[in-house]
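Engineer: One structure is given below, represented as structure tokens, and several questions about it will come after.
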Amino acid sequence: MIDEFFAREIDIVENGISQRRSAFGIIFLQLYNKATARNARALNVLTKYSDFAAGRDPTGGMRVEWIDDETNPKEPAGKNG
């Protein structure tokens with residue numbers, strides 16, 4: 001039943017263009033957009049769904065990991081190349 005729900009196609013209008021997307025794609029995109037805007041609840045749900053989906057996929061599925069640029073600053077350009 002869950003697989004059927006996520007696989008069903010829904011008509012949406014995005015930027016004035018009519019598109020057909022899977023329920024999974026719509027939900028994932030909404031969670032992703034909120035998580036990248038630093039919404040902790042959306043990130044938590046996205047991470048839990050990632051773990052759930054990976055457990056159902058024999059190949060391991062996708063994993064979501066938040067990388068905080070403030071705690072992991074990038075090297076200055078030119079230092080390593």
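Each reported figure results from applying straightforward, stated rules to the coordinates on display, with no laboratory input. Please read these numbers as outputs of a predicted model, since none were measured by experiment. When we count neighbours, we look across all protein chains shown, and the Cβ atoms used for this are built from the backbone with ideal geometry, even at glycine.
Engineer: At 7 Å along the Cα-to-beta-carbon direction for both residue 6 and residue 51, put a label point, then send me their distance in nm to one decimal.
Structural biologist: Modelled inter-label distance: 1.5 nm.
Engineer: Also: Which of 35, 17, 7 sits farthest toward the positive end of the charge dipole of the stretch 2-56, with +1 on the Cβ of Lys and Arg and -1 on the Cβ of Asp and Glu?
Structural biologist: 35
Engineer: Can you give the extra length, in nm with one decimal, that the chain gains between residue 18 and residue 34 once fully stretched, where that is 0.36 nm per residue apart less the Cα-Cα distance? If you can, show how the numbers build up before the last one.
Structural biologist: Numbers: separation 16, 0.36 × 16 = 5.76 nm, distance 2.24 nm.
Length gained, residue 18 through residue 34: 3.5 nm.
Engineer: By count of other Cβ within 10 Å, fewest leading, how are 49, 32 ordered? Don't skip to the answer; put the middle values down first.
Structural biologist: Values: 49 17, 32 14.
Taking fewest neighbouring Cβ atoms as first place, the list is 32, 49.
Engineer: Order the peptides 20-28, 3-11, 35-43 from the highest to the lowest mean number of other Cβ atoms within 10 Å of their residues. Mind dumping the intermediate values first?
Structural biologist: Working: 20-28: 14.8, 3-11: 10.6, 35-43: 13.2.
Highest-to-lowest ranking by the protection proxy: 20-28, 35-43, 3-11.
Engineer: Let me ask another. Using only alpha-carbon positions, what ratio does the radius of gyration of the stretch 2-56 give when scaled by 2.2 N^0.38 Å? Intermediate values should be presented prior to the final figure.
Structural biologist: Numbers: Rg = 12.5 Å, N = 55, 2.2 N^0.38 = 10.1 Å.
So the stretch 2-56 has a normalised radius of gyration of 1.24.
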